[in-house]
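Notes to accompany the following structure.
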Amino acid sequence: MFGMILKFQALLEKLKQNKRLWFTTLTMVSLLGIAGTLSYLNTMTSRAAKNLYAATSISYFQDIDTRLTNTFEKISILGVTLLDDQNFVAIMNSANTTAINERLSKVASQVNTIDKNMIAIDLYNKNGVKIGSSEDNVTLSPTPYDLKGLKQAITTNQFASTIEYQDGKVYLAAYFPTQNGILETKKSIDYLVEEYTQKDQIFQVLLDKDFLNMQNVQQFGYKKVGKSQISVQANTDDDFLEKIDALDFDEIIKNKYILTDENFILAKPIVDINNKRIGMILISENILKENGLPNMTHSISTGITIAAMGLVVSLLVLMI
């Protein structure tokens, strides 16, 4: 070890004697040091920004999960409460369609006085045919409904809940087996549009055409988005949907979020009761919105980058 130190000192002495080689060596070492520092700072700031946005996305996902869970709890409690009402059960088990529809409409109206007219109640027979509904605009048909949650409740004779497309809308639905059929309590996911609008955020739902019966969808209104997605919401943000039309939604779901020039966009997949993806929830916020998490994250990551570049400039000045 001592011998190596002596050899290194001897090499330095020779270099100092050759001033041209000495300054060339110092210059090369300095340039390599600067290049290495720049590379490290660049990757460091990129990692820091990525980690900040990843942390930001977690809060958004927790928020939407909480909202969805609370809604499932509400419609599930409603279903249990109704089935505990013997008078209600007696009417549902009768063959009087008019009485069934009147009772369902009355119950839904009472519930919706505090729930913004979004909850609906339907009744199916054991074949999956809808025989009663609280909604006035639903046409009862002898054709069974092709709903995975409904089918599971019929097959297993057990409670089931899921998110699924039905009659032109996306619903959070809960299914309760009864003596003669299935009681469904559901709420349109469109209620979240207003809730997120109040927070100055965008909430949109896209469905994957490959996982839908498009023959049924075409009976209702929808808007194409990208190559294989559609929007069936009554309240759509057309400007936002136009801006995201060329995005790779599979990649967004994989990465959980994407950062565009204007927006911070998160994508949460919607899966059916068999855990197969049928669509996605998109939540977006302008990155420049004051006091918004994306703006704060953007400011922090920008500050880190400026500080890193300032350090490099200071090193260059010292070298000069």
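Quick note: the coordinates plus some simple rules give every number you see, no bench work behind them. None of the values given here were measured: they were computed from a predicted structure. Methodologically, a virtual Cβ is constructed for each residue, glycine included, from the backbone with ideal geometry; neighbour enumeration extends over all protein chains shown.
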* **Condition met for VAL129 (of a type in the set (Val, Ile, Thr), under 21 Å from GLN152 (Cα atoms) and without any contact (Cβ under 8 Å) to a residue 40 or more places away in the chain)** => yes
* To do: Would you confirm whether any residue within the stretch 232-241 is under 20 Å from LEU147 (Cβ atoms) and buried (at least 20 other Cβ atoms within 10 Å of the Cβ)?
  => yes
* Structure fact -> With criteria (1) surrounded by 15 or more Cβ atoms within 10 Å (Cβ to Cβ); (2) closer than 14 Å to LYS187 by Cα, ILE77 comes up short on (1)
* Would you mind telling me which numbered condition in (1) assigned to a strand (DSSP E or B); (2) under 22 Å from the mean Cα position of the chain (by Cα); (3) surrounded by 19 or more Cβ atoms within 10 Å (Cβ to Cβ) LYS224 fails? => (3)
* touching a helix residue (DSSP H, G or I) at 6+ places or on another chain (Cβ under 9 Å), small (Gly, Ala, Ser) and either under 22 Å from LYS276 (Cα atoms) or surrounded by 13 or more Cβ atoms within 10 Å (Cβ to Cβ) (or both) - does that describe any residue in the stretch 99-115? -> yes
